[in-house]
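Since the structure comes first, as structure tokens, the remarks are kept for the end.
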Amino acid sequence: MSRAWQGGSTRQWRNQRAKALRRDNNRCVECGEKATEVDHINHRASGGTDELANLRSLCTPCHAHYTRQQTTQAGKLRRGTKRQREKHPGLI
Ligand SMILES: [Zn+2]
């Protein structure tokens, strides 16, 4: 932990989180299961805010999926050269 993020915003965040869950009827916006987590669409690290418009309710598996995806993307960007296996364009 190198930097404190908006000191003292925890209570506010909990409040926003609860509002987001209520807005989405406690349902995961991806799969419709019961939502238990709230995700930042635009991550705070990349300038996203705690506004409701930037929040979405997710279930644990979907949240884990997104987190993994974001981590993978970040890793790809950092490495730059690693490519995923592609389908042979010449084979139909
Ligand atoms: Zn889900």
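Can you work out the Karplus-derived ³J(HN,Hα) for every residue in region 17-31? Use 6.51 cos²θ - 1.76 cosθ + 1.60 with θ = phi - 60°, whole Hz, and x for glycine or proline.
Taking θ as phi minus 60°, the curve returns 4, 4, 5, 5, 4, 5, 4, 8, 6, 6, 10, 5, 5, 8, 10 Hz for region 17-31.
As I understand it, the dipole of region 13-74 uses +1 on the Cβ of Lys and Arg and -1 on the Cβ of Asp and Glu, about the Cα centre. Which of Thr72, Gln16, Thr49 lies farthest toward its positive end?
Most positive-ward Cα: Gln16.
Would you pull out the residues with amide H under 5 Å of Val38's amide H, same chain only if 5 or more places away, H placed 1.01 Å from N?
Hits under the 5 Å cutoff: Leu58.
At Gln73 and Arg44, where each label point lies 7 Å from the Cα along Cα→Cβ, what is the point-to-point distance in nanometres?
Here the modelled spin labels are 1.9 nm apart.
Could you rank the peptides 50-60, 34-44 by their average count of other C-beta atoms within 10 Å per residue, with the highest value first?
Result, highest mean Cβ count within 10 Å first: 50-60, 34-44.
Which whole-number value in Å³ per residue fits the convex hull of the alpha carbons of region 13-74?
73
Read the figures in this text as sums done on the coordinates, not as results from a lab. Owing to the predicted nature of the structure, the values given are computational and were not obtained by experimental measurement. Heads up, the Cβs are rebuilt from the backbone with ideal geometry, glycines too, and the neighbour counts pull from every protein chain shown.
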